[in-house]
Amino acid sequence: MKTMKYIFYVLAFLLYGCAEDYELNEGFSVPTDLSGPASIKIDLQSSENILLTWNGSADDGGILLYNVLFDAIDGDFSKPIYSAESDLGGSRQLTLTPVILNKIARASGLKTGETGKVKWTVEASRGGVVKRSQASAEIQVTRPDEEIPEQLYLQGTATENKGEAPIPFRKVSDGIFVIYTQLNDGNIYFTDAENNGVNYTVDASGKLTEGEEPYAVQKEENVVRFTLNFNTKSIKKEIISRVRMIWGANYEVITEMPYVGNGIFKHENVYVQCFDPNDPTIQMPPGISWFEERYYFIATIDGNDWCWGRGDGISAEQPTDNESLSFYELHEFAWSQWDHLWKISHSIHKKHCTVTIQTNENNMMIHSFSDIK
């Protein structure tokens, strides 16, 4: 756009700048005839743009620059909700995408699914002189019923960092986002960008809705899991009171997994000792006569135990040296003793290590072993 504006200025100089006796004629007429669609139902998936046009010209036939102002239906354009240069800066038209028109409708106060009007007018300028048209036009706009953000962040004074920075959700699928966090007394809201995003809150009926007003929450001693579903406009809050790493053979706890913040459960200096029938110092589980190293995690959520285990249907197997992160991805199931297990690498047997669950790593919930010694 800046390049095209520069071309207009160059053309103006070529037409007028070479004439030594040329004086800029600042006289020009403002647009009086604004033309555009009267009604639009916004389709964010559509590639069909919206075209606004107008008249107007300089007295000497030269170039004018145009700026289009948008406002709520009861506004007076003194503080427009949106403004944009015309196409190429000097063209008597503006092309709007459905996404931009939706942004304008949102700024006017329209919620998703609502129908209302916005209005627009044009400013013309030349040589530092700006004139606004006395005419304006209205567009009746219907916003989409469902708008699904591509990303989501938690904000507010009650967050772990007390609102100092947005905390990202993990996107589970289209329209569904999850976060593991802790809450302080205060308020929270949700936003789809780290800066200047669309904000969402919870209305009196408990539904997700666009809105700038945060809602109040109370301090939670335990970890909170929020699941936001924009397909159903619902929000689910669950309390995670305990997470531990478990041997599949006898349900014995290998280690507790305390929450350390930033969506991470972590325990350092964990001693890992598998069940080895050749080691007389190890007490074998009943019925087990082989080397047994299978494990998973158990999370207590709203008072009930759930398995955090392997997601595929493959039997537990030893990890290789080059396993992808997805091998260690955690999925949630009702507990069944011999399902969804991994095998611990024999390189960790009878050693200390750090066990970590990262609830949002490359858009996955994974676990890892580090600092092996």
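The values are calculated or read from the model by the stated rules, or taken from the named source; none is laboratory data. Source: prediction; values computed, not measured. Here the Cβ positions follow ideal geometry from the backbone for every residue, glycine too, while neighbour counts run over all protein chains shown. Remember, those area values only see protein heavy atoms, side chains included, never the ligands or the DNA or RNA. Shrake-Rupley method; radii C 1.70, N 1.55, O 1.52, S 1.80 Å.
What to note about this one:
- For segment 225-334, chymotrypsin sites (Phe, Trp or Tyr not before Pro) meeting the loop criterion (DSSP other than H, G, I, E, B) and having at most 10 other Cβ atoms within 10 Å: 290.
- Value in Å of the Kirkwood radius, where segment 308-369 supplies the Cα pairs that are averaged: 12.5 Å
- With 25 Å as the limit, the listed pairs 103/237; 79/131; 119/233; 233/266; 41/111 have 103/237; 119/233; 233/266 beyond it between alpha carbons.
- Förster radius 22 Å - calculated FRET efficiency between residue 262 and residue 324 (Cβ-Cβ, nearest 0.05): 0.45
- Contour minus Cα-Cα distance for residue 281 and residue 195 (0.36 nm per residue): 25.2 nm
- Per principal axis, descending, Cα span of segment 136-283 in whole Å: 89, 29, 28
- Distance in nm between pseudo-label sites at residue 97 and residue 289 (7 Å out along the Cβ direction from Cα): 6.8 nm
- Residue list for segment 355-373, given a label point 7 angstrom along the Cα-to-Cβ vector of residue 173 and an amide N cut-off under 17 Å: 364-365
- Alpha carbon centroid spacing (whole Å) that separates segment 298-373 from segment 105-124: 50 Å
- Here the dipole of the chain is about 320 debye; that uses its Cα centre as origin and unit charges on the Cβ of Lys and Arg (positive) and Asp and Glu (negative).
- Quarter of the Cα convex hull surface for the chain, i.e. its orientation-mean projected area (nm²): 26.5 nm²
- Spin-label pair residue 145/residue 332, simplified geometry with 7 Å Cα→Cβ offset, distance in nm: 2.8 nm
- Projected onto their three principal axes, the Cα atoms of segment 214-347 cover extents of 60, 29, 27 Å, largest first.
- Accessible area of residue 46 in the full protein assembly, 1.4 Å probe (Å², nearest 10): 40 Å²
- Relative contact order (%) - the chain, alpha-carbon pairs under 8 angstrom, separation at least six: 10 percent
- If the segment from residue 47 to residue 88 were pulled out straight at 0.36 nm per residue, it would be longer than the present Cα-Cα gap by 12.8 nm.
- Near residue 209: Cβ cut-off under 9 Å, other residues only, Lys/Arg at +1 and Asp/Glu at -1. The net charge is +1.
- Spin-label model distance (nm) - residue 251 vs residue 363, 7 Å beyond Cα toward Cβ: 3.8 nm
- What the phi angles of segment 354-365 give under the Karplus curve with 6.51, -1.76 and 1.60, with θ = phi - 60°, is a coupling list of 9, 9, 10, 10, 9, 7, 8, 10, 6, 6, 10, 9 Hz, glycine and proline written as x.
- Based on the Kirkwood approach, the hydrodynamic radius assigned to segment 174-245 is 13.2 Å, with every pair of different Cα atoms included.
- Among the GluC sites (Glu not before Pro) in segment 117-162, those placed in a DSSP loop whose Cβ has at most 11 other Cβ atoms within 10 Å are 150.
- Distance between segment 26-87 and segment 196-260 - C-alpha centres, whole angstrom: 45 Å
- Loop-located GluC sites (Glu not before Pro) in segment 251-297, at most 14 other Cβ atoms within 10 Å (DSSP): 252
- Distant alpha-carbon pairs in segment 262-336 (separation over 17 angstrom), percent: 63 percent
- Distance between segment 155-171 and segment 262-294 - C-alpha centres, whole angstrom: 37 Å
- The chain - share of DSSP beta bridges that are antiparallel (%, nearest 5): 95 percent
- Rounded accessible area per residue of the chain, 1.4 Å, Å²: 52 Å²
- In the assembled protein chains, residue 348 presents an accessible area of approximately 10 Å² (probe radius 1.4 Å).
- Mean ellipticity per residue at 222 nm, deg cm²/dmol - from DSSP H runs of n ≥ 4 across the chain, formula -39500 (n - 2.57): -1500 deg cm²/dmol
- Whole-percent carbon and sulfur share, accessible surface of the chain, 1.4 Å: 47 percent
- The peptide list 86-94, 310-318, put in order of mean Cβ contacts within 10 Å with the highest first, becomes 86-94, 310-318.
- Charges were assigned to the Cβ only: +1 to each Lys and Arg, -1 to each Asp and Glu. The resulting dipole of segment 53-161 about its Cα centre is roughly 280 debye.
- Listed values for segment 252-267 are Karplus-derived 3J(HN,Hα) couplings in whole Hz (6.51 cos²θ - 1.76 cosθ + 1.60, θ = phi - 60°), namely 6, 6, 7, 6, 6, 10, x, 7, 10, x, 6, x, 10, 9, 7, 9, and x replaces Gly and Pro.
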